[in-house]
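A.B. asks: Quick one: the structure is below, questions incoming.
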Amino acid sequence: MLLAALGTHLVASALEIQTTAATGHKRFGRQDGQAQALISGSSLTYDAVNWSEVAETLDLSIESWPVPGSSPAEWEQLQRRSPHASTTFVGVSLYDLNEAWLCDFRANIVPFRRTLADLWESGSDLAFANRLSNWYALTWARTVFPTAGRSDRVIFGLRDKAAALLGVAGRPEEDGAKLRLAADYTSEARLTDWPEGRLLRRLDSMRSLQGKANFAGPKHLALLRLLQQARRQGDVVVVVLPVSPPYAAGLLSRPDIEQFESALSKAKRAVPEATWVRLDQLETLKSADHFYDLVHLNMQGRSIATAALLGTLAGIPAAQ
């Protein structure tokens with residue numbers, strides 16, 4: 001066991017696999033004094049919007065605490081680091097709010113008792129409750145065996161190392177060993193340029209990882225609490241982000257979409273004062289040309305989304 005533990009630590013180090021839940025801190029706009037606004041969102045939120053432009057246009061200092069693959073469950077905990085924020089931007093999507101998609105570092109950030117309470121309150125089925133509870137056991141096991149449950153990271157890491165040794169340039173928008181922090185990458189690539197085989201493989205991979213979609217569990221409850229706390233601190237802007245047509249068509253059914261819309265309706269009723277910006281309903285963003293993978297907008301899509309967001313906020317005094 002000691003040799004196995006040592007071996008997994010060496011593999012994780014050699015392949016640069018992120019094994020800790022260290023969060024970043026990003027600041028957009030003015031760097032002096034306390035930030036006036038907070039961004040709560042995953043990498044989809046940062047890739048979709050040029051927050052430096054938003055901060056400059058609205059004359060705001062905006063901060064965030066990005067975590068790879070995060071969701072409302074993690075954002076709620078990190079929100080406590082910015083009690084001074086009088087405006088909160090929250091980015092959500094069909095991808096972020098899917099209960100079946102778990103953040104790799106959820107158990108490092110979200111207290112176990114919070115998860116148990118949310119599982120009970122949401123009436124989650126036993127299979128999902130077991131899966132989410134086992135996520136904490138897996139996290140504890142990773143202190144000794146850091147590659148446990150990260151076979152995909154090991155495979156991608158070996159691929160990247162082999163490509164480097166062979167002198168083959170990899171595609172930066174592809175999955176790699178390292179989980180990227182939100183707000184550190186954008187791409188001009190287009191999903192429509194992907195070979196069909198690559199697209200099908202990626203859909204199959206995401207389908208196996210995410211399982212059956214659900215939008216009425218712990219993430220939903222965390223989102224409601226996050227919005228209510230943000231409203232107590234000041235103004236709230238919820239940005240609903242698009243996902244690519246292949247993602248929606250390949251992984252979600254009509255009942256899934258309806259449940260997602262129902263979850264958004266409940267959030268609107270919980271915080272009626274919030275401003276909602278439905279970027280996912282923009283016709284110009286309903287094209288795979290504006291995505292560099294299945295869920296992230298590329299540079300062209302970002303320009304469209306940023307302009308639409310600023311156009312909406314221009315008439316809102318509280319956001320200025």
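The values are calculated or read from the model by the stated rules, or taken from the named source; none is laboratory data. Keep in mind that what you see is a predicted model, and the values were worked out from it rather than measured. Cβ placement follows ideal geometry from the backbone for every residue including glycine, while neighbour counts extend to all protein chains displayed.
A.B. asks: Could you give me the residue pairs with C-beta distances under 6 Å whose first residue belongs to region 210-230 and is free of Cβ contacts under 8 Å to residues at least 12 places away in the same chain, whose second residue is surrounded by fewer than 23 Cβ atoms within 10 Å (Cβ to Cβ) and not basic (Lys, Arg) wherever it lies, and which are 6+ apart or on separate chains?
C.D. replies: none
A.B. asks: Here is a follow-up. Give just the number: which of (1) under 18 Å from Gly41 (Cα atoms); (2) more than 18 Å from the chain's Cα centre (by Cα) does Arg269 not satisfy?
C.D. replies: Of everything listed in (1) under 18 Å from Gly41 (Cα atoms); (2) more than 18 Å from the chain's Cα centre (by Cα), Arg269 misses just condition (1).
A.B. asks: For region 244-320, list the helices (runs of 4 or more DSSP H) that sit wholly inside it and hold at least 2 residues that are hydrophobic (A, V, I, L, M, F, W, C), more than 30 Å from Gln36 (Cβ to Cβ) and free of Cβ contacts under 8 Å to residues at least 60 places away in the same chain; which are they?
C.D. replies: 245-251
A.B. asks: Let me ask something else about it. Looking only at region 54-113, how many residues end up being in contact with a Cys (Cβ under 6 Å, 6 or more places away or on another chain), touching a residue at least 40 places away in the same chain (Cβ under 8 Å) and surrounded by 22 or more Cβ atoms within 10 Å (Cβ to Cβ)?
C.D. replies: Total satisfying the criteria: 2.
Let's see how each residue does on (1) within 29 Å of Ser122 (Cα to Cα); (2) buried (at least 20 other Cβ atoms within 10 Å of the Cβ):
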| residue | (1), (2) |
| --- | --- |
| Gly250 | yes, no |
| Ser253 | yes, no |
| Gln259 | yes, no |
| Thr275 | yes, no |
| Arg278 | yes, no |
| Lys286 | no, no |
| Asp289 | no, no |
| Val295 | yes, yes |
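A.B. asks: For the subset of region 132-148 comprising residues that are within 22 Å of the chain's Cα centre (by Cα) and modelled with pLDDT of 80 or more, which member is surrounded by the most Cβ atoms within 10 Å (Cβ to Cβ)?
C.D. replies: Restricting to residues being within 22 Å of the chain's Cα centre (by Cα) and modelled with pLDDT of 80 or more, the top hit is Leu132.
For (1) in a loop (DSSP other than H, G, I, E, B); (2) modelled with pLDDT under 95; (3) not polar (S, T, N, Q), each residue gets a yes or a no:
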{"site": "Pro68", "(1), (2), (3)": "yes, yes, yes"}
{"site": "Gly91", "(1), (2), (3)": "no, no, yes"}
{"site": "Asn108", "(1), (2), (3)": "no, yes, no"}
{"site": "Phe128", "(1), (2), (3)": "no, yes, yes"}
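A.B. asks: Can I ask one more? Determine whether Glu63 is outside any loop (DSSP other than H, G, I, E, B), of a type outside the set (Phe, Trp, Tyr) and more than 18 Å from the chain's Cα centre (by Cα).
C.D. replies: Judged against the criteria, Glu63 is not a match.
A.B. asks: Is there any pair with a first residue in region 23-43 that is more than 24 Å from Arg106 (Cα to Cα) and a second that is among the aromatic types (Phe, Trp, Tyr) whose Cβ atoms are under 6 Å apart and which are 6 or more apart or on different chains, and what are they?
C.D. replies: So the pair list comes out as Phe28/Trp51.
A.B. asks: Here are some conditions: (1) under 21 Å from Arg114 (Cα atoms); (2) surrounded by 16 or more Cβ atoms within 10 Å (Cβ to Cβ). Gln228 meets all but one. Which one does it not meet?
C.D. replies: If we test Gln228 against (1) under 21 Å from Arg114 (Cα atoms); (2) surrounded by 16 or more Cβ atoms within 10 Å (Cβ to Cβ), just (2) comes out false.
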